[in-house]
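These notes concern the structure reproduced below.
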Amino acid sequence: MSSVNRQVSVRQLKVKKCNTKCRLIVFATLAICLVAVAVFADRLCPYDPYAQDLSLSYQAPSAAHIMGTDAYGRDMFSRVIVGARASILSTLALVCIITLVGTAVGTISGFIGGKVDAIVMRVSDFFLAFPGLVFALAVAALLGGGVLNAIIALAVISWPKYARVARSQTLSVKVSSFVQAAVLAGDNPPQIIFRHILPNIFGPILVTAMLDIGTMTMELAGLSFLGLGAQPPIAEWGSMMSSGRSMLQTYPWVVLSPGIAIFISVVIFNLLGDTVRDYLDPK
Amino acid sequence: MFKGYSLLKYTIKRILQLIPILFAITFLSFAMMRLAGSDVVEQKMLNTGQVVTDAQLEAAKAQLGLDKPFLVQYITWLNDLLHGDMGVSFVSGMDVFDTFISKLPATLFLTVTSIVLTVIISIPLGIISAVYKNKFWDYFIRFFSFIGNSMPNFFVSLVLMYILGIKLRFFPIISREMSFESVAMPTITLAIAMSAKYLRQVRTTVLDELGKDYIMGAKARGVKFSTTLWKSVMRESLVTIITLLALSIGSLLGGTAIVESIFMWDGVGKMAVDAINMRDYPIIQAYVMWMAIIYVTVNLITDLSYRLLDPRIRLEGTDNE
């Protein structure tokens with residue numbers, strides 16, 4: 001039997017906030033570790049991830065090679081660690097780009113209003129009217145392979161979401177009395193945007209961005225899996241899975257280890273995203 | 001009478017709004033193809049495996065009308081398009097539109113089976129999760145929903161292939177024909193990700209409904225909770241849930257590309273991925289354009305039927321105009 005209890009005591013709220021804070025610290029630490037692995041990948045990997053040794057090809061996981069080796073005898077563990085660079089750092093770059101572009105466009109369009117706003121919203125409607133992945137495939141196909149092109153393809157389809165969030169937040173902050181006061185005090189538009197609007201709309205945008213990191217990691221890896229992102233021999237999780245997939249039956253570790261790496265990173269980013277949302281927007 | 005009129009007006013308005021979007025879609029698809037530039041012609045000639053001279057290249061470009069101004073090319077192309085002529089594939093030499101239509105049923109079949117499986121999984125689990133809010137089953141179900149949300153579909157495909165196909169030999173790894181046996185693994189893959197997502201939305205919708213006063217009223221009058229759940233909550237939540245699912249058809253149609261190509265499911269998604277690898281631009285163009293058109297149309301139909309089903313939204317929507 002479900003009874004919906006809408007009244008929550010102040011104490012319960014405080015306990016909840018404290019729990020959320022603890023979780024936030026734990027998941028943020030994990031995420032920072034993950035990024036640190038990506039940044040210091042070169043020093044962390046036990047073998048040269050690009051050194052080929054055909055006599056060692058398709059070694060099963062062992063003490064020397066804990067994730068085994070691939071077709072060219074390259075150590076999978078080292079490749080997975082170095083793969084974090086292409087996979088995680090480029091995802092973070094992608095999320096930064098779309099957050100900045102989307103926020104800039106949304107805030108300015110919401111602040112100016114009128115015709116500019118109408119045009120910007122039509123354009124973003126148009127992007128939202130497209131099935132995302134199809135469009136990303138098309139852009140990536142047009143630009144050709146490469147991590148940078150995959151980032152561009154996903155950035156082109158993803159910014160409107162941020163523009164929408166930033167715009168709706170700007171519209172609600174714009175009418176508040178402190179912004180009106182700033183206008184009366186003679187602040188110029190950039191001052192108002194940077195000093196009064198951006199700090200107040202930062203929360204929802206941060207939540208959107210944090211929740212997006214996991215999805216973007218998967219989409220970027222998906223494009224690489226299709227051969228539209230990182231190109232071999234560059235170690236990247238999606239393309240590593242793709243190149244090993246014909247060997248799934250005999251040498252499953254070649255496919256599963258980068259897959260598990262993607263899974264773990266996405267789990268960490270999603271947990272962090274959910275926690276940031278709970279922390280900034282407690283319900 | 002007035003309500004019916006305003007819905008009709010809204011419908012007409014939405015269909016009119018669709019026209020610029022359709023133009024934009026076709027223009028973008030066309031521009032995409034042309035941006036690839038003369039490279040297309042070279043690619044086409046290289047695919048035939050012959051040695052090509054510059055004169056032959058120019059002749060081929062003239063034959064395809066590539067020497068004319070951009071807008072003229074677009075209008076010619078649009079005219080051909082309206083007559084069902086989208087050119088021929090660079091690789092197979094087959095008619096693009098025919099190829100697309102011949103592959104479409106496989107993708108539609110996969111889409112339908114995935115949505116059916118998603119409904120079967122997400123609605124009961126979502127309701128259980130809402131009814132047992134913050135109890136063991138809720139946490140259990142949400143845990144799996146979280147896991148499902150964190151796995152890219154190509155990883156799920158390969159894991160399923162390894163476990164169900166190679167180790168247990170339940171299903172064929174490569175689909176040979178359109179049968180329920182071959183569609184099983186791609187369907188499960190797509191349904192896992194979708195169920196993980198929709199389960200949460202079903203949960204939220206049912207929770208909203210359970211929080212309403214009439215539930216308390218029914219409880220006070222001594223109506224059995226299961227009766228309230230099935231007779232009232234389900235009926236009220238269903239509209240929202242069906243809308244969400246219908247909206248997902250569009251994104252699903254696009255999202256099948258990776259899964260189709262992994263399982264060798266012979267639909268438009270695999271066709272597109274193969275075409276991308278071969279730089280077969282007419283096929284890519286057809287895929288992008290038709291997928292966008294299907295997506296926009298499905299979303300419009302969903303939106304309209306949603307308004308038809310729920311008079312409150314119908315009025316809100318028209319009041320805002």
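The values are calculated or read from the model by the stated rules, or taken from the named source; none is laboratory data. Just so it is clear, the model here is predicted, and its values are computed rather than measured. For neighbour counting, all protein chains shown are included, and Cβ atoms are generated from backbone atoms with ideal geometry for every residue, glycine included.
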Condition broken by residue A:202, with the remaining ones in (1) in a helix (DSSP H, G or I); (2) surrounded by 21 or more Cβ atoms within 10 Å (Cβ to Cβ) satisfied
(2)
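Given the criterion without any contact (Cβ under 8 Å) to a residue 40 or more places away in the chain and either basic (Lys, Arg) or part of a helix (DSSP H, G or I) (or both), identify the matching residue among B:238, B:252. Break it down into steps so the answer makes sense when it comes.
Values: B:252 fails: without any contact (Cβ under 8 Å) to a residue 40 or more places away in the chain.
The conditions single out B:238.
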Looking at this structure, is residue B:120 closer than 30 Å to residue A:237 by Cβ and surrounded by fewer than 22 Cβ atoms within 10 Å (Cβ to Cβ)?
no
With respect to the numbered conditions (1) over 20 Å from residue A:214 (Cα atoms); (2) buried (at least 18 other Cβ atoms within 10 Å of the Cβ), which one is the sole condition not fulfilled by residue A:37?
(1)
Which residues, taken from segment B:264-294, are acidic (Asp, Glu) and part of a helix (DSSP H, G or I)?
B:274
Kindly list the number of the only condition in (1) closer than 23 Å to residue A:237 by Cα; (2) aliphatic (A, V, I, L, M); (3) outside any helix (DSSP H, G or I) that fails for residue B:223.
(1)
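Given the residues B:111, B:118, which is the only one that is in a helix (DSSP H, G or I), within 14 Å of another protein chain (Cβ to nearest Cβ) and either touching a helix residue (DSSP H, G or I) at 6+ places or on another chain (Cβ under 7 Å) or among the aromatic types (Phe, Trp, Tyr) (or both)?
Details: B:118 fails: within 14 Å of another protein chain (Cβ to nearest Cβ).
Of B:111, B:118, the one residue that is in a helix (DSSP H, G or I), within 14 Å of another protein chain (Cβ to nearest Cβ) and either touching a helix residue (DSSP H, G or I) at 6+ places or on another chain (Cβ under 7 Å) or among the aromatic types (Phe, Trp, Tyr) (or both) is B:111.
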Restricting the search to segment A:240-252, which residues are surrounded by 19 or more Cβ atoms within 10 Å (Cβ to Cβ), within 11 Å of chain B (Cβ to nearest Cβ) and in a helix (DSSP H, G or I)?
A:241, A:242, A:244
Given the condition among the polar types (S, T, N, Q), touching a Leu at 6+ places or on another chain (Cβ under 7 Å) and modelled with pLDDT under 80, answer yes or no: does some residue in segment A:2-16 qualify?
yes
Among A:106, A:83, A:132, which is under 30 Å from residue A:164 (Cβ atoms), among the small types (Gly, Ala, Ser) and modelled with pLDDT of 85 or more?
A:106
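Taking the condition touching a Gly at 6+ places or on another chain (Cβ under 8 Å), more than 22 Å from residue A:257 (Cα to Cα) and not assigned by the TED database to the domain that holds residue B:294, does residue B:91 pass? Spell out how you get there, then give the answer.
Working: touching a Gly at 6+ places or on another chain (Cβ under 8 Å): no; more than 22 Å from residue A:257 (Cα to Cα): yes; not assigned by the TED database to the domain that holds residue B:294: yes.
No; evaluated as a whole, the condition is false for this residue.
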Looking at segment B:282-294 only, could you name the residues that are surrounded by fewer than 24 Cβ atoms within 10 Å (Cβ to Cβ) and within 8 Å of chain A (Cβ to nearest Cβ)?
none
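State whether the residues of segment B:217-230 include one that is at pLDDT 80 or above and farther than 30 Å from residue B:129 by Cβ. Full working, then the answer.
Residues of segment B:217-230 that are at pLDDT 80 or above, as a first pass: B:217-230.
Applying the additional criterion that residues be farther than 30 Å from residue B:129 by Cβ yields none.
No: zero hits.
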